[in-house]
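Data block below; observations after.
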Amino acid sequence: MEQLLFRTLPFLLLLVFLHSSQTLAQGPAAAPTTAPAPPAPVVAPAPPAPVAAPTPPAPAAAPIPPPPVAVPAPPVGAPSTGPTDVTKILQKAGQFVVFNRLLRATSEASQLYGQLNNTNNAYTIFAPTDNAFASLKSGTLNKLNDEEKTELVQFHIVPTYLTPSLFQTVSNPVSTQAGDSGPGRFQLNVTTVGTAVNLTSGLTNTSISGTVYTDGQLAIYQIDQVLLPLAIFGPKPPHAPAPAPADQGTKKKKSEADNSVSSAHGLSFAMQNVIFLGVISTLTAFCW
Ligand SMILES: *[C@@H]1O[C@H](CO)[C@@H](O)[C@H](O)[C@H]1NC(C)=O
Ligand SMILES: *[C@@H]1O[C@H](CO)[C@@H](O)[C@H](O)[C@H]1NC(C)=O
Ligand SMILES: *[C@@H]1O[C@H](CO)[C@@H](O)[C@H](O)[C@H]1NC(C)=O
Ligand SMILES: *[C@@H]1O[C@H](CO)[C@@H](O)[C@H](O)[C@H]1NC(C)=O
């Protein structure tokens, strides 16, 4: 037994030595391999790190569709070369000299120019042709004071972007820049039959007869009659004091009803948002 131990001891020692030397050898070997790495970082540690870092997140970013959704933004940003100039467009179109003159005289042109500089603003303009103005009873425009002229122009401007398909979904009366769309005021109603779009103010019936300009933010459509608002050209109410209070009563009721309708809309919209957020956070939880 002792003999065996003595005989094998050298071997064991040798094995231990070999093993440790191997480990040592490996150690230095491993060190050199890692050593080159440190030098490299010294040369350009910052650049490689950022490059490697974005790569892992990239796959994570890929499944997120919002960036593609943001792509539509460029078209909106496209007008950033400068606001759209309505008067230039109408001038180029040629047959809107009178309307263009009114736009400038009432400062509506410069207002639109400023508003269109903000890509969140959108407008639809119903531009009556020169023939439309020519067919008005003579003196119609001259009888108007400055305020009425402004209102007349504003009545032809809707502060939303309307396309032929959107015309089918608008609710009447449509709000114009002239404001108050109550009965007998600045009411503009849109009705569609197929692709035809009819407009009525209560005094004027006309329809869109052409597209002058559209860019996603601004739409200009040609109409062949001037839209005469009831508030300016309608029967004057002064000689009817009795029905006035009654009118006010119904008006109040109507606006109350409108309020409840819009708050109901607001509520369902808020609920949609909550549901949407819920879905988003669930998805996010899954993805992460
Ligand atoms: C448009 O808006 C930008 C920034 O909001 C402003 O710098 C620029 O002067 C505006 N241009 C016009 C023509 O109003
Ligand atoms: C639209 O106007 C045209 C004439 O311009 C008329 O024939 C048609 O009946 C109108 N449609 C509606 C729905 O008012
Ligand atoms: C416009 O439509 C509304 C709602 O249908 C209606 O109450 C109003 O009388 C209409 N006005 C005109 C001028 O056609
Ligand atoms: C406009 O059309 C309505 C029906 O759509 C009609 O009752 C009204 O008389 C018309 N008004 C004019 C001025 O043509």
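One decimal place: the segment Asp130-Val193 gains 20.1 nm when fully extended, by the rule 0.36 nm per residue minus the C-alpha distance. The slack between Asn145 and Thr211, meaning 0.36 nm per residue of separation minus the straight C-alpha distance, is 20.7 nm. Annotation: extensible slack from Tyr161 through Arg104 equals 18.4 nm (criterion: 0.36 nm per residue apart, minus Cα-Cα distance).
Taken together, the values in this text are just the output of simple stated rules run on the coordinates, not laboratory data. Just so it is clear, the structure is predicted and the values come from calculations on it, not from any experiment.
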